[in-house]
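Enquirer: Structure provided below as structure tokens; questions to follow.
The values are calculated or read from the model by the stated rules, or taken from the named source; none is laboratory data. For clarity, every value in this text was computed on a predicted model and none was experimentally measured. What goes into the accessible areas is simple: the full protein's heavy atoms, side chains included, and nothing from ligands, DNA or RNA. Shrake-Rupley method; radii C 1.70, N 1.55, O 1.52, S 1.80 Å.
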Amino acid sequence: MFERTRGIEWEGRMPYPTGHRAEVEARIVHHARRLFNRHGFDRVSIKQIMAAAQLTHGAFYSYFKSKSELYIRVLSCFFTDPDWKNCWDGVEVDLSSTDVGQQVVRAYLSRQHFENVENSCPMVALPTDVARSSEGARQAFEAVFAGMVSVLERSSAGHARERRARAQATAALCVGGMVVARAMLDRTTADDLRASCTAVALELGGWSLPNKPKRKTSRSA
């Protein structure tokens with residue numbers, strides 16, 4: 001039985017330093033996310049998850065009641081989980097910034113996110129699994145989407161109702177655009193699609209840069 005004594009955590013008879021349990025739980029969630037994103041919920045076993053986390057199969061049930069409960073924990077992104085890595089290589093998102101909307105759009109539809117399947121936002125990697133899963137999983141998925149909409153809404157242009165509508169449409173465009181791009185066989189087509197979605201999403205949110213004036217050209221007589 002788990003108990004805490006004088007700043008030391010005990011699991012069974014073995015003492016662990018304070019914070020050990022939270023660290024192990026986070027490690028399990030991290031490796032589960034990578035495996036679920038890569039292979040899907042049904043094709044990943046608890047044994048595989050625990051092996052990736054370098055833990056015994058039996059230890060799983062000290063942290064989670066079932067794979068479904070773990071799945072709900074995996075369904076998070078940087079919009080709802082401050083401990084989630086809110087960037088991909090070379091991509092940073094400052095959630096406190098006044099222009100966070102365009103940062104999110106560019107990050108979400110970035111090449112880095114496209115290529116980093118294992119560290120994807122679950123709304124891109126796991127939507128079909130969620131649709132067939134429990135009510136709790138669907139609620140967790142909706143919470144992530146709502147978190148994304150809230151972040152986009154803060155820096156969108158227009159009145160309150162208009163900002164909400166723009167943010168919802170922008171979020172759906174980002175998620176859907178990445179899902180379709182990942183399904184493409186031709187990389188050039190996928191890259192073009194991401195670029196198109198980025199441009200439209202930035203315009204929709206009111207974050208497009210003003211068009212540069214065209215250079216005047218002189219015609220010879």
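Enquirer: Could you rank Arg27, Arg166 by how accessible they are, 1.4 Å probe, largest area first? Let's see the in-between values first.
Expert: Working: Arg27 90, Arg166 65 Å².
Ranking Arg27, Arg166 by accessible area, largest first, yields Arg27, Arg166.
Enquirer: Report, to the nearest 10°, how far helix 20-39 tilts away from the longest principal axis of the Cα atoms in the chain, using its own Cα long axis and a range of 0 to 90°.
Expert: 50
Enquirer: Turning to a different aspect of this structure: Can you send over the solvent-accessible area of Leu204, 1.4 Å probe, protein chains only, in Å² to the nearest 10?
Expert: Counting only protein heavy atoms, Leu204 exposes about 50 Å² to solvent.
Enquirer: Alpha carbon centre of the range 122-154 versus the range 43-104: separation in Å?
Expert: Taking the Cα centre of the range 43-104 as reference, the centre of the range 122-154 is 13 Å away.
Enquirer: In vacuum, with every alpha carbon of the chain counted as one equal point scatterer, what does the Debye formula give for log10 I(q)/I(0) at q = 0.15 Å⁻¹? Two decimals, please.
Expert: With one equal scatterer per Cα and no solvent, log10 I(q)/I(0) is -1.01.
Enquirer: Sorting Val105, Val180 by accessible area (1.4 Å probe), largest first, what list results?
Expert: The ordering from most to least exposed comes out as Val180, Val105.
Enquirer: Another question, then. Helix 160-183: angle to the longest alpha-carbon principal axis of the chain, degrees 0 to 90, nearest 10?
Expert: That helix lies at roughly 80 degrees to the long axis.
Enquirer: Leaving out ligands, DNA and RNA but keeping every protein chain, what accessible area does Val179 have, in Å² rounded to the nearest 10, with a 1.4 Å probe?
Expert: Counting only protein heavy atoms, Val179 exposes about 60 Å² to solvent.
Enquirer: Would you mind calculating the relative contact order of the chain from Cα pairs under 8 angstrom and at least 6 residues apart, reporting the percent as a whole number?
Expert: Details: 237 pairs, mean separation 38.4, N = 221.
Here the relative contact order equals 17 percent.
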